[in-house]
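First comes the structure, then the notes that go with it.
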Amino acid sequence: MGYILNIETSTKVCSVALSLKGSLVSLHEIKDDKYVHSEKLNLLIKNCMSEGGIDYKQLSGVAISSGPGSFTGLRIGVSTAKGLAYALGIPIISVDSLSSLVEVFKNSSVPKKEDLIMPMIDARRQEVYTMAIHCMGEQIIPISAQVIDASFFNRFAKDITLHLIGDGCEKFDGKFNYKNIQFNTSVISSAIGMIELSYNKFIKNDFEDVAYFTPKYVKEFHFN
């Protein structure tokens, strides 16, 4: 059928979207500073399935935000996605959380083709998980953890608008006096940004190994 369950847990937002052939069917999400993913994720999944009017056996795949982002959030999301994929015998699809965030922004804005988009997910202190990408798709800075200060932006041409998006850019809003930088703090991570990306991977059979797939933390992960 082409039903895909999209799960985004890389930030404080716990988000689930059910899609059919690249189109949204139902969306349920919650943002909480206390990280309620372990408590709410299964309920959000149940609500999406119920609203969509389908049974779990009708799912063709499950897509998961692969990171970077919150270590705990990613582990919860990936564990849930792997459990569903294994139990239902369906493929698991990974979508990096920064590309998904870019899609959320594009759904709500129409930037110029020469503009740059820089999605940012908080990585504590002055550091964020980020990348820089042209609106037309060319990646300028690969996915990485970056310390953001005034000198960081000197690498970009001053006549090109740079759109900073996501929860990671909130802590820098108003700190840098660059006329070409736009802060889009209202653009937050959501499973709705995964829908087109996950469907494109689905039709290409671009799947992960259910048994061995792990989140892409970017920064080194230490078990407590």
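The values are calculated or read from the model by the stated rules, or taken from the named source; none is laboratory data. Quantities reported herein were computed from a predicted structural model and do not represent experimental measurements. As a convention, Cβ positions derive from the backbone with ideal geometry for all residues, glycine included, and neighbour counts pool all protein chains shown. Heads up: the accessible areas ignore ligands, DNA and RNA and are worked out on the full protein's heavy atoms, side chains in. Shrake-Rupley method; radii C 1.70, N 1.55, O 1.52, S 1.80 Å.
So the values come out like this:
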quantity	calculated
Solvent-accessible area, 1.4 Å probe, carbon plus sulfur percent, for the range 81-178	49
Given charges at beta-carbon only (K, R positive; D, E negative), |dipole| of the chain in Debye	80
Charge dipole (debye, nearest 20) of the range 8-55; +1 at Cβ of Lys and Arg, -1 at Cβ of Asp and Glu	60
Extent along principal axes [Cα atoms of the range 84-138; Å; largest to smallest]	44, 31, 20
Diffusion constant of the chain at 37 °C, which comes from Stokes-Einstein with the Kirkwood Cα-pair radius and 0.692 mPa s, µm²/s	185
Relative contact order computed over the chain (Cα-Cα under 8 Å; 6+ residues apart), in percent	24
The range 79-158 - share of DSSP beta bridges that are antiparallel (%, nearest 5)	100
Members of LYS21/LYS113; LYS46/LYS106; LYS113/LYS179 lying beyond 22 Å, as alpha-carbon distances in this model show	LYS21/LYS113; LYS46/LYS106
Gaussian network model of the chain, springs between alpha carbon atoms under 10 Å - residue of MET194, MET49, MET120 with greatest fluctuation	MET49
Amide hydrogen neighbours beyond the local backbone of SER26, cut-off 5 Å, H modeled	LEU18
GNM flexibility winner over the chain from LEU43, LEU74, LEU98 (Cα, springs under 10 Å)	LEU43
Estimated FRET transfer efficiency (ILE140, VAL110; beta-carbon r; R0 22 Å; 0.05)	0.65
Rounded to 5, the percent of DSSP beta bridges in the range 15-100 classed as antiparallel	60
DSSP-defined beta bridges in the chain - what % are antiparallel, rounded to 5	60
Per residue accessible area in Å² of the range 116-194, where ligands, DNA and RNA are left out and the probe is 1.4 Å	47
For the range 1-97, accessible area per residue (1.4 Å probe, heavy atoms of protein chains only), Å²	41
Tilt relative to the chain, helix 71-88 - C-alpha long axis, 0 to 90 degrees, to 10	30
The range 103-111 - phi-based ³J(HN,Hα) in whole Hz, Karplus 6.51/-1.76/1.60, Gly and Pro as x	5, 4, 5, 5, 5, 10, 8, 10, x
HN-Hα J in Hz across the range 201-214 - Karplus 6.51, -1.76, 1.60, θ = phi - 60°, x for Gly and Pro	5, 4, 6, 9, 6, 8, 10, 9, 6, 4, 6, 10, 5, 9
